[in-house]
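Read the structure below first, then the notes.
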Amino acid sequence: MAAVTWTSDLSVGVGVIDEQHKMLVKHLNDFAEAVAAHQGPSAITPTLDFLIEYTNFHFAEEEKHMTWANYPGLQQQIEEHEAFRKTLANVEADFKEDGATHELANDIDTLLINWLLRHIRAVDLQFGKFLAEKGITIGQE
């Protein structure tokens, strides 16, 4: 699996969210690389733990900003975020049960990375457009 490179089409136009997305992509890449290299639990577990914690942090931040901006797509975001959390939990369970397998590496690529990229391009981008149309800015940009 090739590492995902951040490209301008992933920018939602909100600095703080874009920076968090870059971190998610980086840590997904790190996790995928560790699994693909069949590194042991001592190398993979901290990366996976950080990814889970950072994902929860990021989703909470996005939802907080969406609530503040009275974004009409908030409920869809919450549902999508919960679906990703469940997928990530399933990947974590598979890792704990079977270790760094070829199947796990494929799941990371197809389930996690592709989901995140699709979500940013299809759903998060709409939030960025909403903010721009309403003239709303979010701090730390």
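Listing for the model above:
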{"read-out": "Residue that is among the hydrophobic types (A, V, I, L, M, F, W, C) and modelled with pLDDT of 95 or more, where the choices are A60, A93", "value": "A60"}
{"read-out": "Among (1) of a type outside the set (D, E); (2) at pLDDT below 85; (3) closer than 18 Å to N114 by Cβ; (4) not in a helix (DSSP H, G or I) - the single one Q39 does not satisfy", "value": "(3)"}
{"read-out": "Verdict on G99 being open to solvent by 40 Å² or more (accessible area, probe 1.4 Å) and either of a type outside the set (K, R) or at pLDDT below 90 (or both)", "value": "no"}
{"read-out": "Within the range 87-136, tally of residues that are touching a residue at least 60 places away in the same chain (Cβ under 8 Å), more than 30 Å from S42 (Cβ to Cβ) and not in a helix (DSSP H, G or I)", "value": "1"}
{"read-out": "Filtered residue count, the range 1-36, keeping only those that are of a type in the set (V, I, T) and either part of a helix (DSSP H, G or I) or open to solvent by less than 20 Å² (accessible area, probe 1.4 Å) (or both)", "value": "6"}
{"read-out": "Test for T47: is it open to solvent by less than 70 Å² (accessible area, probe 1.4 Å) and not charged (D, E, K, R)", "value": "yes"}
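The values are calculated or read from the model by the stated rules, or taken from the named source; none is laboratory data. Bear in mind the structure is a predicted one, so any value in this text is a computation, not a measurement. When we count neighbours, we look across all protein chains shown, and the Cβ atoms used for this are built from the backbone with ideal geometry, even at glycine. Remember, those area values only see protein heavy atoms, side chains included, never the ligands or the DNA or RNA. Shrake-Rupley method; radii C 1.70, N 1.55, O 1.52, S 1.80 Å.
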